[in-house]
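Below is one structure, written out as structure tokens, with a few remarks after it.
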Amino acid sequence: MTGEPELVSVIVPVYNVEDYLPGCLHSIGEQSYRNLEIILVDDGSTDGSAGLCDAYAECDARTKVIHQSNQGLWAARNAGQDAASGTYLFFPDADDCFHKETIRLLVEAIHLNGKSYPLAICLGLKFWEADEIIRPEAKPVFREIPAAQLLEGVLSSSDFPGLFPQNQWNKLYRASEVNGLRSRNYARGQDRDYQMRLYTMIESAVLVETPLYYWRQRCGSLSSTGDSAFLQYKSNVEMTFANYKALSEEQMKYRHLFLHYLFRRMVFYKNCAWRTCRQKEVFDACRVYERETLRDYITCRNVGLFSKMAVLLFLHCPPLTRMWTVLSHNTA
């Protein structure tokens, strides 16, 4: 990379995070990579978040603020992406923070070995509100990672410590690669939907093997509210089915990942609804998904026969699923 540093658009969706937003803004302001376009999207906040955005814009001329009525995380990210003019996009959450070398190392990584990768990823760490963040040394250790491995991380229970392949926030995107990609309105897991679509479009990415992004865990966040598990399964089933049906002929090499994940999510989706007022609605929906995909799943050679038989047994016997989840404490 030579000449003028390329512009990075930092897009921050903001909604009622006045206690945490200053920490995120501090992380942005202290970045050693200075050629930033900072886009703060106030999604109809009812606390002091909107005022914090405006105050920050007055102090940092690189900042623009978008105020809109409350529509949700997906709409805030899309508004920011539509307004961005950078070569790269970075989507931190407003209640998180990150190392001061994060963007510099991600930009460096995306040019690994003189190539132009579509995506660079750094490792992340979870922390609770009361925890002190231990920020490791920012070491430039890069390696290429196949998109198929990232997609497997989204559509399987494989363990990729610190990688968070399903999340949008620890990644630097080449804007030209995601021009036609926007967040969609699911009740949960909008990051997962965005990432699973992206990974079917690219061949590989670059990983910075250092924890540079710090993901705050807090009570009352979207992911910790009651009813979250049901909405998560509902969204996962809907988005996986939609994305499977949209696969091109070339992308069908990933069909086994989508199909196996879809049927496993339906097992837990039905389990959540069993013996509740939602049972008929959920069972009817799963019946439609199954009718559209069962033949493909049964004939899919990349999923073992025993695995398929076990999944289908649990799918059609919710009491067995309930017993298994209780005995194994499994809620995956």
**Request:** Identify, by number, the condition in (1) modelled with pLDDT under 95; (2) under 22 Å from residue 94 (Cα atoms) that residue 184 doesn't meet.
**Result:** (1)
**Asked** Yes or no: residue 80 under 18 Å from the mean Cα position of the chain (by Cα) and not charged (D, E, K, R)?
**Response** yes
**Prompt:** Residues 281, 290: which one is on the phi < 0 side of the Ramachandran plot, of a type in the set (Asp, Glu) and either assigned to a loop (DSSP other than H, G, I, E, B) or crowded, with 16+ Cβ neighbours inside 10 Å (or both)?
**Reply:** 290
**Message:** Whether any residue in the stretch 268-276 is buried (at least 17 other Cβ atoms within 10 Å of the Cβ), basic (Lys, Arg), out of contact with any Gly (no Cβ under 6 Å at 6 or more places or on another chain) and more than 16 Å from residue 151 (Cα to Cα) is what I want to check.
**Reply:** yes
**Prompt:** residue 24 fails exactly one of the following numbered conditions: (1) in contact with an Asp or Glu (Cβ under 8 Å, 6 or more places away or on another chain); (2) of a type outside the set (A, V, I, L, M); (3) surrounded by fewer than 20 Cβ atoms within 10 Å (Cβ to Cβ); (4) more than 20 Å from residue 184 (Cα to Cα). What is the number of that condition?
**Reply:** (3)
**Prompt:** Here are some residues: 116, 85. Which one is out of contact with any Pro (no Cβ under 9 Å at 6 or more places or on another chain), at pLDDT below 95 and closer than 19 Å to residue 177 by Cβ?
**Reply:** 116
**Asked** Identify, please: which residue in the stretch 148-178 is assigned to a loop (DSSP other than H, G, I, E, B) and of a type in the set (Ser, Thr, Tyr) and is, among those, nearest to residue 251 (Cα to Cα)?
**Response** 156
**Prompt:** Which residues, taken from the stretch 23-47, are closer than 19 Å to residue 218 by Cα and touching a helix residue (DSSP H, G or I) at 6+ places or on another chain (Cβ under 7 Å)?
**Reply:** 25
**Fill in**
For residue 156, the lone unmet condition from (1) small (Gly, Ala, Ser); (2) crowded, with 18+ Cβ neighbours inside 10 Å; (3) within 29 Å of residue 264 (Cα to Cα) is (2)
**Prompt:** Among 40, 52, which is the only one that is in contact with a Ser or Thr (Cβ under 8 Å, 6 or more places away or on another chain) and either surrounded by fewer than 21 Cβ atoms within 10 Å (Cβ to Cβ) or farther than 30 Å from residue 115 by Cβ (or both)?
**Reply:** 40
**Request:** Starting from the stretch 171-200, take each residue that is in the same structural domain as residue 153 (by TED's automatic domain parsing) and list its partners that are polar (S, T, N, Q) and part of a strand (DSSP E or B), counting only C-beta distances under 9 angstrom and pairs at least six apart or across chains.
**Result:** 175/9
**Item:** Of all residues making up the stretch 154-212, the number that are in contact with a Ser or Thr (Cβ under 7 Å, 6 or more places away or on another chain) and hydroxyl-bearing (Ser, Thr, Tyr)
**Value:** 2
**Asked** Of the residues 237, 303, which is surrounded by 13 or more Cβ atoms within 10 Å (Cβ to Cβ) and not in a helix (DSSP H, G or I)?
**Response** 303
**Any chance residue 146 is surrounded by fewer than 18 Cβ atoms within 10 Å (Cβ to Cβ), of a type outside the set (Gly, Ala, Ser), farther than 18 Å from residue 78 by Cβ and assigned by TED's automatic domain parsing to the domain that holds residue 14** = yes
**Request:** Kindly indicate whether residue 50 is more than 23 Å from residue 181 (Cβ to Cβ) and out of contact with any strand residue (DSSP E or B) (no Cβ under 9 Å at 6 or more places or on another chain).
**Result:** no
**Request:** Of the numbered conditions (1) within 27 Å of residue 203 (Cβ to Cβ); (2) surrounded by fewer than 19 Cβ atoms within 10 Å (Cβ to Cβ), residue 126 fails exactly one; give the number of that condition.
**Result:** (1)
**Prompt:** Within the stretch 202-211, is there a residue that is modelled with pLDDT of 95 or more and not in a strand (DSSP E or B)?
**Reply:** yes
**Message:** I'm checking my understanding of the structure. Among residues of the stretch 1-43 that are among the acidic types (Asp, Glu) and assigned to a loop (DSSP other than H, G, I, E, B), which one is nearest to residue 171 (Cα to Cα)?
**Reply:** 6
**Message:** Between a residue in the stretch 127-145 that is within 21 Å of residue 160 (Cβ to Cβ) and any residue that is modelled with pLDDT under 80, which pairs come within a Cβ distance under 9 Å, given they are 6 or more apart or on different chains?
**Reply:** 127/133; 127/134
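The values are calculated or read from the model by the stated rules, or taken from the named source; none is laboratory data. Computed from a prediction, not measured in an experiment: that's the story for all the values here. Here the Cβ is made from the backbone with ideal geometry for all residues, glycine too, and neighbour counts use every protein chain on show.
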